[in-house]
Amino acid sequence: MANTKSARKATRVIARRTEVNKARRSVLRNSVRKVEEAIASGDKTAASAALKAAEPVIMRAAQRGVVHKNNASRKVSRLAHRVAKLGK
């Protein structure tokens, strides 16, 4: 248990940030899932629309520190590659 006043405040701040980050991570995962579901259905137009909506969400999560920048770029790149392969 935290002993100092500043340590007690730090635990409160961490708890608040954890809630915010959980919500952001949830939005991130939902947007990625929508793209993957569209890819699984084989609908290229729906998949590209879902990717177009998901990309800013993913990059915003990286900006806010929810995921690493390289992780976000890798996610976008792999999803874009999978969407591009649908046309073939």
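The numbers here are math on the coordinates, done by the rules we state, and not lab data. If you're wondering where the values come from, they're calculated on a predicted model, not measured in any experiment. Here Cβ is always computed from backbone atoms with ideal geometry, including for glycine, and neighbour counts include all displayed protein chains.
Using just the helices of the chain, give the 222 nm mean residue ellipticity in deg cm²/dmol: DSSP H runs with n ≥ 4 each add -39,500 (n - 2.57), and the total is spread over all residues, rounded to 500.
Calculated mean residue ellipticity at 222 nm is -30000 deg cm²/dmol.
Normalised by the empirical 2.2 N^0.38 Å for globular proteins, what value does the Cα Rg of the chain take?
1.45
From Cα pairs below 8 angstrom and at least 6 apart in sequence, can you work out the relative contact order of the chain, rounded to a whole percent?
Relative contact order here is 27 percent.
Return the FRET efficiency for the residue pair residue 9, residue 64: r is the Cβ-Cβ distance, R0 is 22 Å, and the value is rounded to the nearest 0.05.
0.50
Run the simple label-point estimate for residue 20 and residue 1 please: 7 Å along Cα→C-beta, distance reported in nm.
It is 2.8 nm.
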